[in-house]
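**Q** Pasting a structure here, questions to come.
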Amino acid sequence: MKASWDIFCTVVDNYGDIGVTWRLARQLVAEHQCVVRLWVDDLRAFEHLCPEVDVNASQQWQQGVEVCHWSAEWQSTAAADVVIAAFACQLPTAYMDAMTAREKPPLWINLDYLSAEEWIVGCHGLPSVKYKHVQKYFFFPGFQAGTGGLLREAGLLERRRQFQQDPQAQRDFLQGLGVAPAAGAQLISLFAYENAGLAGWLDVMAADSTPTHLLVPEGRILGDVARWLGVDGLSAGAVLVRDALTVQVLPFVRQDDYDRLLWCCDFNAVRGEDSFVRAQWAGRPLLWHIYQQEEDVHLDKLDAFLALYTEGLSPPAKEALEGLWRAWNAGDKMPEHWLATQKHWPELTAHAEAWCLEQALQADLAVTLVQFYRNWI
Ligand code: TRH
């Protein structure tokens, strides 16, 4: 019999929580024949990633996943074989009681945030708290052996490679978004939180001898972009030119199209968790705007990732890349660091592909979860 999975997602803010759980839910259905219910408390956030979602439905099917609205008033339901609480979200007490009522208790997993920090290797898979007799386990996605790995759908890199080798497919895709970059322009996507360093970066791109076409999906950075352009506001469809820089605002597209956008670009600025991973699968150099946390603990995560990612780079390329990432996350000194990075472009480009292939040698997160369940039975 197929195993049933319940995935619980509270949308704290932005799109990462639902982005990760929706991706995982689809993959468990498509590749592991699991029966999956995805419990989401905010269907409007979900609608951005999956426009077919009916935001008023308490239950609906999307791509083989049973999507359930997790409303404040919990309707009693039987617990699944595997229960995933994403990002330490608190399950309804009535549901936890349903877990205890099962003849065989479910496998209860806390799916944690992604981190490259060393300590997660030691904690991955360990028992966490108990609710009555039901044991919860830590599950850490990660970049190193001994972690839960990264979300990566079967055949993803093959699809990406085919697309990147097909200029017509890329032109068609971009055209569908209304994008027609000038010949020779470097294409950059920009998905980030508000960032005081943006103006300096845009200044230096505008002053460059090489044209840049910057694609900005609608979102939190648009205010900074508008300020730099000297306009009141920006929305999808806007195209503005300042010297060598063309800025184009894109609509927020479905997840699969966002992948294609990343695959088209020479360089991708991404943020949070899921877009950060997708940019790595694009095999192109990237810039990460990490999600800020209290007491700057995010800076340790940034350093941990940089330490792993820059292994194998020449010392000057490593220094340039680290300088750029730190400048972006400090919101300062982008011009000098962007120019320094340009000198190492071929090396950084080759490295991005090599990193992607190395990461793809690890089992993906859906596989490690399914294996964890099989070993646990
Ligand atoms: O949106 P994010 O910043 O999300 C989060 C949340 O803030 C969360 O609370 C925090 O814990 C986490 O980051 C680390 O960034 P992220 O993770 O990249 O999620 C964005 C999702 O949106 C991702 O699945 C990609 C998707 N996306 C599209 O589907 N279409 C688009 O056009 C764009 C720009 C993104």
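**Q** Which of the strands (runs of 3 or more DSSP E) contained wholly in segment 71-168 include at least 3 residues that are among the basic types (K, R) and either more than 20 Å from G19 (Cβ to Cβ) or in contact with a strand residue (DSSP E or B) (Cβ under 8 Å, 6 or more places away or on another chain) (or both)?
**A** Output list is empty.
**Q** Which of the following residues is under 24 Å from the mean Cα position of the chain (by Cα), on the phi < 0 side of the Ramachandran plot, in contact (Cβ under 8 Å) with a residue 12 or more places away in the chain and part of a helix (DSSP H, G or I): V29, V12?
**A** V29
**Q** Looking only at segment 173-189, which residues are out of contact with any helix residue (DSSP H, G or I) (no Cβ under 8 Å at 6 or more places or on another chain), open to solvent by less than 80 Å² (accessible area, probe 1.4 Å) and not β-branched (V, I, T)?
**A** G176, G178, A182, G184, A185, Q186
**Q** Being buried (at least 24 other Cβ atoms within 10 Å of the Cβ) and closer than 10 Å to V65 by Cβ is the filter; apply it to segment 36-55 and report the residue that is farthest from the ligand (Cβ to nearest atom).
**A** V36
**Q** Run down A269, A279 and say which single residue is buried (at least 23 other Cβ atoms within 10 Å of the Cβ), near the ligand (Cβ under 10 Å from one of its atoms) and either of a type outside the set (G, A, S) or at pLDDT 95 or above (or both).
**A** Only one candidate passes the filter, namely A279.
**Q** Still on this model: Report yes if Q33 is closer than 26 Å to R278 by Cα, among the polar types (S, T, N, Q) and more than 16 Å from the ligand (Cβ to nearest atom), otherwise no.
**A** So Q33 fits the description; yes.
**Q** Further question: Sort out which residues of segment 65-92 are loosely packed, with under 14 Cβ neighbours inside 10 Å and within 16 Å of K104 (Cα to Cα), and write them in order of number.
**A** If the condition is that a residue be loosely packed, with under 14 Cβ neighbours inside 10 Å and within 16 Å of K104 (Cα to Cα), then A78 is the only one that fits.
The values are calculated or read from the model by the stated rules, or taken from the named source; none is laboratory data. Not measured: the values here are computed from a predicted model. When we count neighbours, we look across all protein chains shown, and the Cβ atoms used for this are built from the backbone with ideal geometry, even at glycine. Side chains are part of the model used for accessible areas, which takes the heavy atoms of the whole protein and leaves out ligands, DNA and RNA. Shrake-Rupley method; radii C 1.70, N 1.55, O 1.52, S 1.80 Å.
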